[in-house]
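Structure first, commentary second.
The values are calculated or read from the model by the stated rules, or taken from the named source; none is laboratory data. The model shown is predicted, which means the values in this text are computed figures rather than measured ones. Cβ: placed from backbone, ideal geometry, glycine included. Neighbour counts: every protein chain shown. These accessible areas exclude ligands, DNA and RNA; they are computed on the full protein's heavy atoms, side chains included. Shrake-Rupley method; radii C 1.70, N 1.55, O 1.52, S 1.80 Å.
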Amino acid sequence: MRIVVLAGGIGGARFLRGLKQAAPDDAVITVIGNTGDDIHLFGLKVCPDLDTVMYTLGGGINEEQGWGRTDETYLVKEELAAYGVGPEWFGLGDRDFATHIVRTQMLDAGYPLSAVTEALCERWKPGVRLIPMSDDRIETHVAVTLDGERRAVHFQEYWVKLRASVDAHAVVPVGAEQAKPAPGVLEAIAEADVILFPPSNPVVSVGTILAVPGIREAIAEAGVPVVGLSPIVGDAPVRGMADKVLAAVGVDSTAAAVAEHYGSGLLDGWLVDTVDAGTVERVEAAGIRCRAVPLMMSDLDATTQMAREALTLAEEVRA
Ligand code: GDP
Ligand code: CA
């Protein structure tokens, strides 16, 4: 069985851990990773979502934080701060720095991001094939009003520095229109037996991947079950501030509204949490088969069960 997953950072990575357990032994899992969160810091190319997937599946993640390396220290950051060199709001640890140095060196030598990611994964052995959505530079920007002035900030500045404390007027994946899917992305979608949307952010993770020309179309035309899991439980994101970017695209923070936002042209099946069982009918009325099951990734067993439910729903819609 060939499974394709569109993944952001924490929500995607944790789900993938369960999926690896739930999938048949001979399953091949291809992960199309979001690169809209990428940022250049200290002359280095940082790919937070790709690294979160790689570290989580490779056993190097800081479990409590959900991002960054385990056993991390912050000496380089302190030294940079002593020189007055920022930004100080983005947490790059010493171990993590090494990843960004290797990545930047390879990019400077002319390798595309997809090849660099494959090389980094040789160390981490995530057990999935991880491909960035595109080798082209795409950066999500968020339009906000700061001190009475409207301006666009990098997604990381909005998310990490401002903690999404101001309303987002718009979310723009800058560069997406001219970008091409990375080598292997469209092929993986065309050859997939099932396509999954993990409970990743529908706007700045999955939405950004779908904004790369050709990817949304390829999924819609793949002719295989496409099943998603809601990141919204009980009308709020389980973690983080997804409600702020959903509001920017005019979508309510409810499991049903997110399903309708993806739409029946893309989604065949949608899982909502049991607390949202009352919305199943509404989702089905939108032409998307829906089930209510526990969707909290509290431990590996619970996450594995979620992945099983997603694969079961996929078989149901196929039948
Ligand atoms: P990010 O790039 O690190 O923000 O991660 P993703 O985009 O992959 O996932 C973020 C989303 O995961 C958030 O909107 C959360 O609501 C969702 N999420 C996190 N933990 C859980 C969980 O246990 N269950 C569900 N259903 N969603 C979760
Ligand atoms: Ca992210």
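Some points to look at:
- Using distinct alpha-carbon pairs, which all enter the 1/r mean, Kirkwood radius of the chain in Å: 19.8
- Accessible area (Å², per residue) of the range 145-260, counting only protein heavy atoms and a probe of 1.4 Å: 41
- From phi via Karplus (6.51, -1.76, 1.60), per-residue ³J(HN,Hα) for the range 77-93 in Hz, x at Gly/Pro: 4, 5, 5, 4, 4, 5, 8, x, 9, x, x, 8, 7, 9, x, 10, x
- Applied to the range 302-310, the Karplus parametrisation 6.51 cos²θ - 1.76 cosθ + 1.60 on θ = phi - 60° returns per-residue 3J(HN,Hα) values of 5, 5, 4, 5, 4, 5, 4, 4, 5 Hz, with x for Gly and Pro.
- Calculated SAXS-style log₁₀ I(q)/I(0) at q = 0.13, 0.16, 0.19 Å⁻¹ - the range 35-175, Debye, Cα scatterers: -0.62, -0.93, -1.24
- As computed over the range 135-201, the Cα convex hull volume per residue (Å³): 114
- Rg over Rh, two decimals, the range 138-294 (C-alpha only, Kirkwood Rh): 0.99
- Cα-only radius of gyration and Dmax that characterise the range 19-107, units Å: 15.1, 52
- Rg [Å, one decimal], Dmax [Å, integer] - the range 228-303, C-alpha atoms: 11.9, 35
- In nm, spacing of pseudo-spin labels at THR73 and ARG163 (7 Å Cα→C-beta vector): 2.9
- When the pairs LYS77/LYS244; LYS45/LYS77; LYS45/LYS244; LYS20/LYS244; LYS45/LYS161 are compared against a 20 Å limit on Cα-Cα distance, LYS77/LYS244; LYS45/LYS244; LYS20/LYS244 fall above it.
- Solvent-free Debye calculation, one equal scatterer per alpha-carbon of the range 126-167: log10 I(q)/I(0) at 0.24, 0.30 Å⁻¹ equals -0.81, -1.02.
- Relative contact order of the range 116-176: 35 percent, from C-alpha pairs under 8 Å at least 6 residues apart in sequence.
- Potential lengthening of the chain between ALA286 and ALA170 amounts to 39.2 nm, from the contour at 0.36 nm per residue minus the alpha-carbon distance.
- Hydrodynamic radius of the range 167-212 by the Kirkwood approach over all distinct alpha-carbon pairs: 12.3 Å.
- For peptides 128-140, 33-45, 83-95, 65-77, sequence by mean Cβ density within 10 Å, most packed first: 128-140, 33-45, 65-77, 83-95
- Split the accessible area of the chain by element, probe 1.4 Å, and carbon with sulfur accounts for 50%.
- Computed per residue of the chain from DSSP H runs no shorter than four, each worth -39500 (n - 2.57), the mean residue ellipticity at 222 nm is -11000 deg cm²/dmol.
- A full extension of the chain between THR312 and GLU177 corresponds to an added length of 45.1 nm, given 0.36 nm per residue minus the alpha carbon distance.
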